[in-house]
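Asks: First the structure, then my questions, so here it is.
What follows is calculated from the coordinates using simple rules that are stated; it is not laboratory data. Please read all numbers here as calculations on a predicted model, not as lab measurements. So basically every Cβ, Gly included, is an ideal-geometry build from the backbone, and we count neighbours across all protein chains shown.
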Amino acid sequence: MTAANPIGVFDSGVGGLSVLREIRRELPGEDLLYVADSGYAPYGDKPGHLIEARSIAIVEFLVSQRAKAIVVACNTATGAAIETLRARFPLPIVAMEPAIKPAAASTRSGVIGVLATGSTLASENFERLFTRFGTDVDILIQPCPGLVEQVEAGDLSGDQTRALLEQYVLPLLERQADTIVLGCTHYPFLAPLIREIAGPSVAIIDPSAAIARELRRRLADTGLLSREPHAGTEHFWSSATPDKAQPVISQLWRAGIEVWSLPDTPACR
């Protein structure tokens with residue numbers, strides 16, 4: 001393992017590209033590998049054992065591609081699999097979690113709303129956060145079925161997406177929430193529409209930039225931070241068919257990229 005090796009990032013689908021974007025800003029010289037498990041998205045309605053199996057299989061693939069560190073760019077996968085991944089793979093693993101701590105510290109009304117998948121909200125990791133930071137603030141949890149599918153389809157501002165967001169956001173505002181936590185990495189791509197619905201007085205918190213800073217720290221601490229002067233590269237894989245994966249990843253990242261099919265493994269079937 002050397003500093004020249006790439007960083008592996010994965011998500012249940014294309015949502016983790018919001019995290020990859022911040023990693024690229026924080027670490028412009030690093031080579032990045034991204035896996036979108038869109039063939040199995042959304043994770044939010046899947047049983048924990050399947051999410052864990054998918055996470056193990058994808059990390060094994062990224063390790064086979066010489067990844068020096070892993071970013072679990074998925075709150076649901078963090079809740080279901082992070083302990084198993086860290087016990088199984090001896091390399092730095094950085095994981096997502098809903099940004100309840102900074103939300104609790106910054107709210108003025110004492111009420112924060114958390115938008116997330118049902119699996120994330122039901123996880124032990126979220127329960128720990130809720131218990132730790134929910135003493136002095138009111139934490140309103142809002143499952144958001146359907147939002148991941150809208151982002152996976154590349155629909156970031158259509159009528160159906162707006163209707164879903166109004167259904168999920170407006171009740172939080174009615175209960176005086178002045179801070180909204182984006183508890184799924186797909187949701188930052190909906191942030192402009194959420195801001196439009198919530199208004200300028202409501203803070204929207206996305207932990208992606210903090211994850212990128214934590215990744216830099218972990219790489220520096222382990223001597224794996226790249227010192228290469230050239231701009232880093234990105235490579236993309238998806239478990240969805242290329243005709244479905246290519247347009248959406250190109251829309252959310254940039255045009256002209258190539259998306260490879262994620263090889264199948266026994267753990268993926």
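Asks: Which of Asp37, Asp11 comes first, and how do the rest follow, when ranked by fewest Cβ neighbours within 10 Å?
Replies: Ordered from fewest to most neighbouring Cβ atoms within 10 Å, Asp37, Asp11 come out as Asp37, Asp11.
Asks: Mind ordering 147-154, 226-233 by average Cβ neighbours within 10 Å, highest first?
Replies: Descending packing order for the listed peptides: 147-154, 226-233.
Asks: Which whole-Hz ³J(HN,Hα) couplings does region 49-64 yield from phi under the Karplus relation 6.51 cos²θ - 1.76 cosθ + 1.60, θ = phi - 60°, glycine and proline marked x?
Replies: Values, residue by residue: 5, 6, 4, 5, 5, 4, 4, 4, 4, 5, 5, 4, 5, 5, 5, 5 Hz.
Asks: Arrange the following residues from fewest to most other Cβ atoms within 10 Å of their Cβ: Asp264, Asp243.
Replies: Numbers: Asp264 12, Asp243 7.
Least to most surrounded, the residues fall as Asp243, Asp264.
Asks: Quick check for me: using +1 on Lys/Arg Cβ and -1 on Asp/Glu Cβ, what's the dipole size of region 100-206 about its Cα centre, in debye to the nearest 20? Can you show the working numbers first?
Replies: Working: 7 positive and 13 negative charges, 72 e Å.
Around 340 debye, computed over region 100-206.
Asks: Can you compute log10 of I(q)/I(0) for region 1-156 with the Debye formula, treating each Cα as one identical point scatterer, at q = 0.13, 0.17 Å⁻¹?
Replies: Each listed q corresponds, in turn, to -0.63, -1.03.
Asks: Which whole number in µm²/s is D for the chain by Stokes-Einstein, with the Kirkwood Rh taken over Cα pairs at 37 °C and 0.692 mPa s?
Replies: For these conditions, the coefficient is 176 µm²/s.
Asks: Once the convex hull of the C-alpha atoms of region 176-269 is built, how many Å³ does it hold per residue, rounded to a whole number?
Replies: It is 202 Å³ per residue.
Asks: Taking neighbour counts of Cβ atoms within 10 Å as a proxy for exposure, in what order, fewest first, do Cys144, Cys184, Cys74 appear?
Replies: Lowest to highest Cβ neighbour count: Cys144, Cys184, Cys74.
Asks: List the trypsin sites (Lys or Arg not before Pro) within region 84-169 that DSSP assigns to loop and that have no more than 13 neighbouring Cβ atoms inside 10 Å.
Replies: Arg108
Asks: Cα extents of region 160-212 along the three principal axes, largest first, in whole Å?
Replies: Extents along the principal axes: 33, 25, 16 Å.
Asks: Got a sec? Charge dipole of region 100-206, +1 on Cβ for Lys and Arg, -1 for Asp and Glu; which of Ile205, Leu170, Gly154 is way out at the positive end?
Replies: Of the options given, the answer is Ile205.
Asks: When the Cα atoms of region 93-180 are enclosed in a convex hull and the volume is divided per residue, what value in Å³ results?
Replies: That works out to 110 Å³ per residue.
Asks: For n ≥ 4 DSSP H runs only, could you compute -39500 (n - 2.57) per run for the chain, divide by its residues and tell me the 222 nm figure to the nearest 500?
Replies: -13000 deg cm²/dmol
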